[in-house]
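K.L.:
Structure in structure tokens, see below.
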Amino acid sequence: MAVDELDTHILRLLIQQPRTSVREYARILGVARGTVQARLDRLERDGVITGTGPFLSPAALGHPVLAFVHIEVTQGHLDDVGDALAAVPEIVEAFSITGGGDLMTRVVARDNAHLEDVIQALISLPGVVRTRTEVALRERVPHRLLPLVESIGRTAVS
């Protein structure tokens, strides 16, 4: 999907001022409210905007331990294991990957003992061969998309 300069300005505002109204975005950008709304609708329909909810901190919710657990799966059981992962609340993301392992999950836990319990539960899932865990020590670059949006915006202008 092509994103033009106005789209990137709208996306920048959504990232920087997520609680602002469409009317205010239109005022800031100097375009009609209907134009902004139509662009937002298209960006949602095309899958560029995938959600509007708040970003929550697992640490503030009592789960300060973050780990990445790589899971090796018995051949032919990737979908079954992927479905089973959705039932584990401490798994906040899971991806099929290439390289060492078949799945990579982002797991949060209350403490290291709780992390071990989660890993033991994963190992017991039918189809899981083995896991490899890496514990995150400190977040160096928080999840962000604004630099990417701005880069795309510069390309759209060129």
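K.L.:
Can you name the residue in region 3-19 that is open to solvent by 60 Å² or more (accessible area, probe 1.4 Å) and free of Cβ contacts under 8 Å to residues at least 40 places away in the same chain and, of all such residues, is farthest from T52 (Cα to Cα)?
P.N.:
Looking at residues that are open to solvent by 60 Å² or more (accessible area, probe 1.4 Å) and free of Cβ contacts under 8 Å to residues at least 40 places away in the same chain, I get Q17.
K.L.:
Hey, another quick one. Any residue at all in region 29-37 that's surrounded by 10 or more Cβ atoms within 10 Å (Cβ to Cβ) and closer than 18 Å to L146 by Cα?
P.N.:
Kept after step one, since they are surrounded by 10 or more Cβ atoms within 10 Å (Cβ to Cβ), are these residues of region 29-37: 29, 31-37.
If we keep only those that are closer than 18 Å to L146 by Cα too, we end up with 29.
Yes, because at least one residue in region 29-37 is surrounded by 10 or more Cβ atoms within 10 Å (Cβ to Cβ) and closer than 18 Å to L146 by Cα.
K.L.:
Tell me, please, whether a residue that is in contact with a helix residue (DSSP H, G or I) (Cβ under 8 Å, 6 or more places away or on another chain), in a loop (DSSP other than H, G, I, E, B), over 30 Å from A2 (Cβ atoms) and not small (G, A, S) can be found in region 136-146.
P.N.:
No, every residue in region 136-146 fails to be in contact with a helix residue (DSSP H, G or I) (Cβ under 8 Å, 6 or more places away or on another chain), in a loop (DSSP other than H, G, I, E, B), over 30 Å from A2 (Cβ atoms) and not small (G, A, S).
K.L.:
Which members of region 109-158 meet the condition of being surrounded by 10 or more Cβ atoms within 10 Å (Cβ to Cβ) and of a type in the set (D, E)?
P.N.:
Those that are surrounded by 10 or more Cβ atoms within 10 Å (Cβ to Cβ) and of a type in the set (D, E): D111, E116, D117, E134, E150.
K.L.:
Also, I was wondering about something else. State all residues of region 117-138 that are in contact (Cβ under 8 Å) with a residue 40 or more places away in the chain and within 19 Å of the chain's Cα centre (by Cα); if no residue qualifies, say none.
P.N.:
Listed by number, the residues that qualify are E134, V135, A136.
K.L.:
Tally time: how many residues in region 50-65 are buried (at least 16 other Cβ atoms within 10 Å of the Cβ) and either under 30 Å from V22 (Cβ atoms) or touching a helix residue (DSSP H, G or I) at 6+ places or on another chain (Cβ under 9 Å) (or both)?
P.N.:
The number of residues fulfilling the criteria is 2.
K.L.:
Output yes when any residue across region 53-73 is part of a helix (DSSP H, G or I) and without any contact (Cβ under 8 Å) to a residue 40 or more places away in the chain, and no when none is.
P.N.:
No, region 53-73 contains no residue that is part of a helix (DSSP H, G or I) and without any contact (Cβ under 8 Å) to a residue 40 or more places away in the chain.
K.L.:
Pick out the one residue from G34, G47, G82 that is in contact (Cβ under 8 Å) with a residue 12 or more places away in the chain and assigned to a helix (DSSP H, G or I).
P.N.:
Within the list G34, G47, G82, the selection yields G82.
K.L.:
Out of region 83-108, which residues are surrounded by 12 or more Cβ atoms within 10 Å (Cβ to Cβ) and modelled with pLDDT under 95?
P.N.:
Once the filter is applied, which keeps residues that are surrounded by 12 or more Cβ atoms within 10 Å (Cβ to Cβ) and modelled with pLDDT under 95, region 83-108 yields only G101.
The values are calculated or read from the model by the stated rules, or taken from the named source; none is laboratory data. What you are looking at is a predicted structure, and each value in this text was computed from that prediction instead of being measured. So basically every Cβ, Gly included, is an ideal-geometry build from the backbone, and we count neighbours across all protein chains shown. Protein only, heavy atoms only, side chains kept; ligands, DNA and RNA dropped before computing areas. Shrake-Rupley method; radii C 1.70, N 1.55, O 1.52, S 1.80 Å.
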